[in-house]
Amino acid sequence: MQEDHDLPDDFLLGPGNSDAVRPHRADAVHFPQAVRLGLDDVEHLVREGAQQLLGIDRADTADHARGKVLLDALDRGRGGGPEEPGLEHFGSIRWPQTVATMEVDMTDHLARSALVLQGGGALGAYELGAARALYEDGTFAPDVIAGVSIGAITAVLLARPKRGFKPLEALEAFWQEVAVPGLVLPPPVRQYASVLGNPHFFVPRLDYFALPTWTNIYDTSPLRNTLAQLIDLDALADRNAAPGLLVSATDVEEGQIKYFYSRQDKLSLDHIVASGSLPPSFPMTVIDGRAYWDGGLFDNTPLGAVLDTLDKAVGVDRTVYVVNLFPNKVPVPRSMLEVTERMQNLQFANKTFEDVKMLHRIDEVAELMQALESVPGGNPLEGNSAYEAVKKRGYVHVPRIISITRPEQVGGFDGADFSPETIRKRAEEGYAQTKKALKG
């Protein structure tokens, strides 16, 4: 939830209600520095408390033991995690809430597993294959399903299928509907058939007299009709329906990401369509007077928002499956075409890796908080206003994350290729690579 302060483009990092732990403002560029400053304050606070315990008369061996436990915990934390951990071994904690996160009462809906789905247009057929592998044995039942753009469509079909449909059946039916054979075109150009429209997804605008005021090329009314036939709209609007459903969209005017979560918001088709309103192809979607574009413009992997929904209890096993349609690692470009493709891929790739080292640093705080609560004789900082402010932030270890990623870089028209052959190929790739990831 966005906080009220005098710098709308920044966010506050740190409790800010104590002299011991200072608030830090940081824009996206200076975020790592702000995190470091905030954590330095936390560490200083705890070291100060530990040193005070060690300074007490040595006759009080219990207090000395407590002080030593704290300093040992700090020193162990300084060792940090591995230098370059992979996403599959992403062991850290969620940073404090920022303006882009949500305020959700999760008391009755604590999640321990989640599925996160990237956006990428026709590349979403890969997610179909991934879902086939995940749901294959009939036991896969994530507590939260989150998605952006085509990932939001995949998510709602899996989370809120029409009555009488199983999750995978609704998703299979969708891809059968949106396939574009292009039989009237020569085989070499059939992959481009959707330029002329996709009867069950989007069609070209015909109001050419209004061309000077156009802000989009296609009309997405067919998508609404298709989804209405495959989704339980009553369940979509039900805040108590399971599993939890989370989608995101970009507020066009504010330039901020907006998360819509089924436990908090009464969702409708507008929220799903908004998440996939990619300009200039598709129109903005208006919700409660606000205009929204595709959530992938801001963040194509809503992992952070999902972490906010997870059960924060100590010792709870948490697992998140992340399906990436855009690979992070590819060879260096050797032509202008490859440069353009690389730029496109970087825009929508998973950017979680950027903060892995920083999150390992924050992980030390989570371990330290646990150490404080476990000190013999009680927490020496219990009741300290600065400590209580940090405690309220709800630091939690990030769960085990299983990453499922398309290996090939996305080409110029790949996201619009809805030909049956390509859909089949991508679904097979998604299935095979998901099975491989699950075994690993």
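The values are calculated or read from the model by the stated rules, or taken from the named source; none is laboratory data. The shown structure was predicted, so the numbers you read here are calculated from the model rather than taken from an experiment. With ideal geometry, Cβ positions are generated from the backbone for all residues, glycine too; neighbour counts draw on all protein chains shown. To get the accessible areas, we keep the full protein, side chains included, count just its heavy atoms, and leave off ligands, DNA and RNA. Shrake-Rupley method; radii C 1.70, N 1.55, O 1.52, S 1.80 Å.
Could you tell me whether region 268-280 includes any residue that is under 18 Å from Leu117 (Cβ atoms), open to solvent by 40 Å² or more (accessible area, probe 1.4 Å) and touching a Lys or Arg at 6+ places or on another chain (Cβ under 8 Å)?
No, region 268-280 has no match at all.
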Look at Ile402 and say whether it is touching a strand residue (DSSP E or B) at 6+ places or on another chain (Cβ under 7 Å), at pLDDT below 80 and within 30 Å of Leu134 (Cβ to Cβ). no
Are any residues in region 301-343 within 22 Å of Leu134 (Cβ to Cβ), assigned to a loop (DSSP other than H, G, I, E, B) and aliphatic (A, V, I, L, M), and if so, which ones? Val316, Leu325
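Find the residue count for region 411-429, including only residues that are among the aliphatic types (A, V, I, L, M) and within 24 Å of the chain's Cα centre (by Cα). Steps first, please.
Of region 411-429, the ones among the aliphatic types (A, V, I, L, M) are 416, 423, 427.
Now drop any that are not within 24 Å of the chain's Cα centre (by Cα), which leaves 416, 427.
Counting residues in region 411-429 that are among the aliphatic types (A, V, I, L, M) and within 24 Å of the chain's Cα centre (by Cα) gives 2.
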Restricting to region 175-188, and then to whatever is out of contact with any His (no Cβ under 8 Å at 6 or more places or on another chain) and surrounded by 12 or more Cβ atoms within 10 Å (Cβ to Cβ), can you tell me which residue is farthest from Ala155 (Cα to Cα)? Leu185
Those residues that are open to solvent by less than 10 Å² (accessible area, probe 1.4 Å) and in a helix (DSSP H, G or I), I need them from region 160-174; list them, please. Ala170, Leu171, Phe174
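Which of the residues spanning region 189-216 are touching a Ser or Thr at 6+ places or on another chain (Cβ under 6 Å) and open to solvent by 20 Å² or more (accessible area, probe 1.4 Å)?
The first filter runs over region 189-216 and keeps only residues touching a Ser or Thr at 6+ places or on another chain (Cβ under 6 Å), leaving 190-191, 200, 202.
Correct list: Arg190, Gln191, His200.
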Residues of region 387-421 being in contact with a helix residue (DSSP H, G or I) (Cβ under 7 Å, 6 or more places away or on another chain), open to solvent by 30 Å² or more (accessible area, probe 1.4 Å) and not small (Gly, Ala, Ser), which ones? Lys391, Tyr395, His397, Gln409, Phe413, Asp414
Count - residues of region 281-316 that are acidic (Asp, Glu) and open to solvent by 40 Å² or more (accessible area, probe 1.4 Å): 2
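What are the residues in region 141-196 that are within 16 Å of Ser248 (Cα to Cα), small (Gly, Ala, Ser) and out of contact with any Asp or Glu (no Cβ under 6 Å at 6 or more places or on another chain), if any?
From region 141-196, those within 16 Å of Ser248 (Cα to Cα) are 144-157, 159; that's our starting set.
So of that shortlist, the ones also small (Gly, Ala, Ser) come out as 146-147, 149, 151-152, 155, 159.
Selection gives Ala146, Gly147, Gly151, Ala152, Ala155, Ala159.
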Please find, within region 110-152, the residue that is farthest from Ala305 (Cα to Cα) out of those that are open to solvent by 20 Å² or more (accessible area, probe 1.4 Å) and not in a loop (DSSP other than H, G, I, E, B). Arg132
Considering every residue within region 328-336, establish whether at least one is small (Gly, Ala, Ser), open to solvent by 10 Å² or more (accessible area, probe 1.4 Å) and modelled with pLDDT of 80 or more. yes
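Looking at Gly394, is it at pLDDT 85 or above, part of a loop (DSSP other than H, G, I, E, B) and at positive phi? Walk me through it before giving the result.
Details: at pLDDT 85 or above: no; part of a loop (DSSP other than H, G, I, E, B): yes; at positive phi: yes.
In short, no.
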